[in-house]
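In what follows, a single structure is set out as structure tokens and then discussed.
The values are calculated or read from the model by the stated rules, or taken from the named source; none is laboratory data. If you're wondering where the values come from, they're calculated on a predicted model, not measured in any experiment. In this analysis, Cβ positions are derived from the backbone assuming ideal geometry, glycine residues included, and neighbour counts consider all displayed protein chains. Calculation scope for accessible area: heavy atoms of the full protein, side chains included, ligands and nucleic acids excluded. Shrake-Rupley method; radii C 1.70, N 1.55, O 1.52, S 1.80 Å.
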Amino acid sequence: MTLPTTHVSFPAGAVTGESTVLAVHPLDGGRYAVVTGATPFHPLDHTWPDQPADLGTLTVDGVELAVVDCLTGAVGPDGGQVLVGADIPVRRGDEEWSWLVLHVLAADPGDIVGRSAALAVDAGRRGALSASHSGCHLLALALNEALAPRWRKDPGRTDAFGHPDFDSLAMASSVMDTEASTDTYRLGKSLRKKGFTAEATEEFPALADALPELTEAVNRRLAGWVAADAAVRIDVPGPELTARREWNCELPEGAARIFCGGTHLHHLGELAELCTELRLSEDGSELVAVTRPKRA
Ligand SMILES: [Zn+2]
């Protein structure tokens, strides 16, 4: 089966669309995946599964079908089987492969290939996930700034504001849900070798003791950015699911950019508040930031 890489409209914020059904593919557990030429649905990414799938409906010939999950699928250069999620043996974007948004249905939709489908994403859930995802990127920038004095040397990677990029250098996992973004950072040997200092020095207390002060500094910065109602947009080099997209936010300090495959708010004034909570594991090896957006 040869299928073109799915075109996606979620980066611009779309939650509805209309497209032709190109294929229906049976999945494990009696479920079915519907492939369309284009879609507003954001699928779970198989390489970096940070933002959960969109849910919603797909309506064909007046029959509304519930989309119970949305996954990333891929077909190899030989046009064989549709592989799903973790079964895909290559990284996202491999140009030899076709990359598909799979709208997962709980039951066989019948013969709908070639029909037109009206696609509708659960907009409330999408809005909450977008708020969490925007919060995640802002936390990264605010945390990098607050931790900047703790670098003994230049780790060779800085963020958009020129601060050592603690967020990407220490990141173990990043997971969003409709309530919050949870970012887990590993404070191991390799981070130390790159120059990060968690211990007390003459200039600052140990990380564990500095946590309340750091949290306050991060939250002060986040509150300022929300109050500034900064504009957010996704730069899209092409319509394909696999295009290398970039999150842009016009913060008072300057334009911030982060590569990102997810969905976002349009401006930070959509939030009433953005607040993070920092926790250090008992042995000091892991820092967890839980960042909660409150929508206006
Ligand atoms: Zn992102």
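If you go through the range 39-58 and pick out every residue that is of a type outside the set (V, I, T), open to solvent by 30 Å² or more (accessible area, probe 1.4 Å) and more than 16 Å from the ligand (Cβ to nearest atom), you end up with 1. When each of G162, G156 is tested for being within 28 Å of E253 (Cα to Cα), touching a helix residue (DSSP H, G or I) at 6+ places or on another chain (Cβ under 8 Å), away from the ligand (no atom under 16 Å from the Cβ) and small (G, A, S), the lone residue that passes is G156.
So which residues in the range 160-195 are more than 19 Å from H264 (Cβ to Cβ) and in contact with a Pro (Cβ under 7 Å, 6 or more places away or on another chain)? Hits for the range 160-195 are P164, L169, K194, G195. In the range 171-178 there is no residue that is among the hydroxyl-bearing types (S, T, Y), modelled with pLDDT under 95 and in a loop (DSSP other than H, G, I, E, B).
Matching residues to (1) over 23 Å from T184 (Cα atoms); (2) among the acidic types (D, E); (3) surrounded by 14 or more Cβ atoms within 10 Å (Cβ to Cβ):
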{"site": "E250", "(1), (2), (3)": "yes, yes, yes"}
{"site": "A256", "(1), (2), (3)": "no, no, yes"}
{"site": "H264", "(1), (2), (3)": "no, no, yes"}
{"site": "E270", "(1), (2), (3)": "yes, yes, yes"}
{"site": "C275", "(1), (2), (3)": "no, no, yes"}
{"site": "E286", "(1), (2), (3)": "no, yes, yes"}
{"site": "R292", "(1), (2), (3)": "no, no, yes"}
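Scanning the range 8-20 for residues that are within 19 Å of A53 (Cβ to Cβ) and over 18 Å from the mean Cα position of the chain (by Cα) returns T16, G17, S19. Checking A256, A227 one by one, the residue that is among the small types (G, A, S) and more than 15 Å from the ligand (Cβ to nearest atom) is A227 and no other. Could you tell me whether any residue of the range 247-260 is in a helix (DSSP H, G or I), at pLDDT 95 or above, of a type in the set (A, V, I, L, M) and out of contact with any Pro (no Cβ under 8 Å at 6 or more places or on another chain)? Among the residues of the range 247-260, not one is in a helix (DSSP H, G or I), at pLDDT 95 or above, of a type in the set (A, V, I, L, M) and out of contact with any Pro (no Cβ under 8 Å at 6 or more places or on another chain), which makes the answer no.
Apart from one condition, P89 fits all of (1) within 21 Å of Q51 (Cβ to Cβ); (2) open to solvent by 50 Å² or more (accessible area, probe 1.4 Å); the exception is (1).
Which members of the range 223-256 meet the condition of being among the acidic types (D, E) and farther than 19 Å from P40 by Cβ?
Step one: of the range 223-256, the residues among the acidic types (D, E) are 229, 235, 240, 246, 250, 253.
Correct list: D229, E246, E250, E253.
I need a count of the residues in the range 189-215 that are in contact (Cβ under 8 Å) with a residue 24 or more places away in the chain and farther than 18 Å from P149 by Cα. Of the residues in the range 189-215, 0 are in contact (Cβ under 8 Å) with a residue 24 or more places away in the chain and farther than 18 Å from P149 by Cα.
Out of T36, T72, which single residue is open to solvent by less than 20 Å² (accessible area, probe 1.4 Å) and touching a Phe, Trp or Tyr at 6+ places or on another chain (Cβ under 9 Å)? Just a single option satisfies the conditions, and that option is T72.
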